[in-house]
Amino acid sequence: MSLLPVADALDRLLSRAKPTQRTETVSLHEAQGRVLAEDIAARLTQPPFDNSAMDGYAVRHADIATLGAILKVVGLSSAGHAFESSAGPGEAVRIFTGAPLPAFADTVLLQEDAEKLDDGRIRTTFLTPKGRHVRPRGQDFSEGETVLKAGAVLDAGRLTVAAAMNHPTFAVYARPRIAVLATGDELVPPGTPPGASQIIASNTYGVSALARAAGAEVIDLGIVGDDKQAILAAVRNALTLDIDVLVTLGGASVGDFDLVQPVLGEAGMELDFWRIAMRPGKPLMVGRLGDIQVLGLPGNPVSSLVCSLLFLEPLVRRLARLPAKNRRHPAVAAVPLRENDQRQDYVRARIARGPAGDLHVTPFGKQDSSMMKVFAESEGLLIRAPHAPAVPEGDPCEVLLLREPSA
């Protein structure tokens, strides 16, 4: 089987991804980043009354039509405490931002445009236009008006308006459910003293964190050894958990102890594609178990994370109905880059912003796919297309950003 180009592999993966139809009701505090499953209409009118946009004096415009007009202040209106009495011609009410506008008033005179006199009187020092500094009732939205549409991603602004419309809860699409299964006799959980031939299982935590950040609910299926029956039992257990994606870590290659692919085949997986023209991450496997997407990620930690960035993150966001996240950005090579071979490379690199805001890329010298510290220190991955020619220092290139680079 020939190696599949990265772009073709991603297209094939996403073409079969069906956005979730499941919904659930959540509270305002739980809704950050979720996708609305229903239109939301206002349950009230906002603002519910004419109110003042500034601190000043509520007046009849006819009383301040001439510069130097003198008015008597007869009351106070503050937020939550309306002026309930009446005021006659030549009278004003002290008012504060957000306070209800008294029934007699049609204009707010700014406090800095009024000179305080004795005996509670003021004199105008500026000709204020009629209606100025008044927020009319319903200026923001009216009762029954649809303000948020189904499919909207709930960010700070949308959550604020949802709360203002008096909605404490609403329906959102459920998060995709992702089950993660690590395989390998050599693996032990963090906190466990490893044996002489063992290592700490780390892939699960990075892959799970990336999936959660993309909008998924993650189920950790733990670690199973290199045993066909144990792997098969774990896969069959996963199929009972109402999941959308099964992610396996390790065992997807062609070695004597790489048992995941044959076991998944025995469980009924339809293999879509396997082996990608990329480095790191060539032994990526993609298939389906009924309606469940299967991603078999490489066992090397960096390969696993790179494949997760390129395939798992877009898949989760598609299933979650979230817009694709653009991590690819133009950059400038800070050092000369060698020509590339037939695979697409994702090279761990330091990235810094230049004075003009452009991205300057310096690859790390060591790129072994087992080296996690280098990945943790990288701001991004330098993307080198198959058969890309050498790039002189200062020439354009492209990067996949992992985090915001330093200045």
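The values are calculated or read from the model by the stated rules, or taken from the named source; none is laboratory data. All values derive from a computational prediction rather than experimental measurement. A quick note on method: Cβ atoms are made from the backbone with ideal geometry, for glycine too, and the neighbour counts reach across all protein chains shown. All accessible areas refer to the heavy atoms of the entire protein, side chains included, with ligands and DNA or RNA removed. Shrake-Rupley method; radii C 1.70, N 1.55, O 1.52, S 1.80 Å.
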Residue match in region 360-369 (condition: assigned to a strand (DSSP E or B) and among the polar types (S, T, N, Q)): yes
For the list (1) more than 30 Å from Ala152 (Cα to Cα); (2) in contact with a strand residue (DSSP E or B) (Cβ under 6 Å, 6 or more places away or on another chain), I need the number of the one condition that Ile292 fails. (1)
Name, by its number, the condition in (1) in a loop (DSSP other than H, G, I, E, B); (2) closer than 20 Å to Asn340 by Cβ; (3) not acidic (Asp, Glu) that does not hold for Arg403. (2)
Can you tell which of Ala213, Ala209, Ala234, Ala196 is surrounded by fewer than 14 Cβ atoms within 10 Å (Cβ to Cβ), of a type in the set (A, V, I, L, M, F, W, C) and more than 29 Å from the chain's Cα centre (by Cα)? Ala196
Across region 125-142, what is the number of residues that are of a type in the set (Ser, Thr, Tyr) and free of Cβ contacts under 8 Å to residues at least 60 places away in the same chain? 1
Residue count for region 127-146, restricted to those that are β-branched (Val, Ile, Thr) and open to solvent by less than 50 Å² (accessible area, probe 1.4 Å): 2
Any chance region 41-53 includes a residue that's among the aromatic types (Phe, Trp, Tyr) and more than 30 Å from Leu148 (Cβ to Cβ)? no
Per the filter on region 216-231, residues in contact with a strand residue (DSSP E or B) (Cβ under 8 Å, 6 or more places away or on another chain), open to solvent by 20 Å² or more (accessible area, probe 1.4 Å) and in a loop (DSSP other than H, G, I, E, B) are Gly225, Asp226
So which residues in region 293-305 are part of a helix (DSSP H, G or I) and open to solvent by 10 Å² or more (accessible area, probe 1.4 Å)? Pro301, Leu305
Among (1) in contact with a Gly (Cβ under 7 Å, 6 or more places away or on another chain); (2) among the aliphatic types (A, V, I, L, M); (3) modelled with pLDDT under 95, where does Ile200 come up short? (1)
Residue pairs within 7 Å by beta carbon, gap of at least six or interchain, first lying in region 147-162 and in contact (Cβ under 8 Å) with a residue 12 or more places away in the chain and over 13 Å from Gly33 (Cβ atoms), second surrounded by fewer than 17 Cβ atoms within 10 Å (Cβ to Cβ) and among the acidic types (Asp, Glu), listed first then second, are Leu148/Asp39; Lys149/Asp39; Ala150/Glu38; Ala150/Asp39
Tell me which of these Ser308 doesn't satisfy, since it passes every other one: (1) open to solvent by less than 10 Å² (accessible area, probe 1.4 Å); (2) more than 24 Å from the chain's Cα centre (by Cα); (3) not hydrophobic (A, V, I, L, M, F, W, C). (2)
When residues of region 370-391 are limited to those that are part of a loop (DSSP other than H, G, I, E, B) and more than 19 Å from Ala352 (Cβ to Cβ), the one least open to solvent (accessible area, probe 1.4 Å): Ala388
Which ranges mark the strands (runs of 3 or more DSSP E) fully within region 1-89 that have 3 or more residues being in contact (Cβ under 8 Å) with a residue 12 or more places away in the chain and open to solvent by 60 Å² or more (accessible area, probe 1.4 Å)? 23-27, 70-77
